[in-house]
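Only one structure is covered here, and it is reproduced in the block below.
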Amino acid sequence: MTELRVLRYEVVPYGQALALQLALRERLQAGEDHAGWLVCLQHPPVVTLGKRGQESDIVSPQLLAQRGVELFRVDRGGEATYHGPGQLVFYPIVRLEALGLGVVDVVRALAEALSMTLREHGVETRYDPDHPGVWTTEEPPRKMGSVGMRVSRGVSTHGAALNVQNDMIPFSWIVACGMPNAPLTRLRDYLEADPDLAAITDRVLHHFAQRVGASLVEAEEELPESGWQASQPLPTVGR
C-alpha cells in the first residue's frame, strides 16, 4: 500500500508553513521517490486570498494590520479565508500519480475526511463543490471547513481548514469564500465540552488515508528557518 508521511506541528506562521510546502513540493518534483506528506498544524491569525480573491474581499486592511493579522495572496483555488489558533489545517503535499488520483479526487477525499470526522462528533455535513467547503446540513447550512488546493507538475499544495474552537470574529473582517455574510460556524458550538484537537486530527488523517488508499507513517521534517513574508500590495506566492 502507498505510504504518506505525517508531519505534525503546533502553531506555525503562515509564511513559514508555505515555505515548507514549497520545499516539500520541490523535493517530490525533483524525483524523491515516495507519495508525499500530510502536514498538520495551526496558524497564528492570517488571511489568505486565493486565485479568485479580490482585494475588495478584505473589509479593512488597516484593521487587519492593527490586529496583527498577516495577509497573503496565494495560488490555491478559492477566494478569501481566515486561519487562526484552534482551527485545524491539513496540507497534503502529494504526487497524484503515486496515488493514482486526480486533484478533484484528493479535494473530495479531504472534504469527506472532514465530514466523516464531524459525523463522529454528532454533526452532519456535506461537501458543496459549488461553494467549495464542508457545510452543515441544517437550515440555513453553515460552513465549518474550507478546501482549496493547487497542483504544479503533478504535486499538490494547500489543502483544508476545519473550524474547531477558533475565534470566529475575524471572519467578519473579510468577505469569506467570496460570499458576503456567509454563515460560518465551528465544531465547538455543537459540543458540550472542548474538543480534543489531537484526536480530531487523528480521525481526519485516518479517514483521508482510507479514502486515497494509503497508509500513514509518522515522520519529522525541520521547519524552514524563514518563510514568505506578507506585504502590501499583496504578492502572489507559491507558483
- Note on the structure: About its Cα centre, the stretch 77-133 carries a charge dipole, from +1 on Lys and Arg Cβ atoms and -1 on Asp and Glu Cβ atoms, whose size in debye to the nearest 20 is 140
- Note on the structure: Which residues qualify? For residue 159, with a placed amide H closer than 5 Å and at least 5 residues away or on another chain, they are 148
- For the chain, the per residue accessible area (1.4 Å probe, Å²) is 45
- What residue among 109, 193, 219 has the largest mean-square fluctuation in a Gaussian network model of the chain, using Cα springs under 10 Å? 193
- Along the stretch 201-206, Karplus-curve 3J(HN,Hα) (6.51, -1.76, 1.60; θ = phi - 60°) to the nearest Hz, with x for Gly and Pro, reads 4, 4, 5, 4, 4, 4
- Item | Choice from 98, 17, 111 showing the highest fluctuation, given a GNM over the chain with Cα pairs closer than 10 Å | 98
- Task: Heavy atoms only, probe 1.4 angstrom, no DNA, RNA or ligands counted: give me 218, 32 ranked by accessible area, highest first.
- Result: 218, 32
- Amide H to amide H, which residues 5 or more places from residue 12 or on other chains are under 5 Å from it, using H placed in the peptide plane? 42, 43
- How large, in percent, is the carbon and sulfur part of the accessible surface of the stretch 1-67 at a probe radius of 1.4 Å? 46
- Using a 10 Å cut-off on Cβ atoms, rank the peptides 83-92, 138-147 from the highest mean neighbour count down. 83-92, 138-147
- Note on the structure: One finds the C-alpha centres of the stretch 1-72 and the stretch 94-149 to be spaced, in Å, by 18
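The values are calculated or read from the model by the stated rules, or taken from the named source; none is laboratory data. Bear in mind the structure is a predicted one, so any value in this text is a computation, not a measurement. Ideal geometry is used to build each Cβ from the backbone, glycine not excepted, and the neighbour counts take in all protein chains shown. Areas reflect the complete protein model, heavy atoms only, side chains present, ligands, DNA and RNA absent. Shrake-Rupley method; radii C 1.70, N 1.55, O 1.52, S 1.80 Å.
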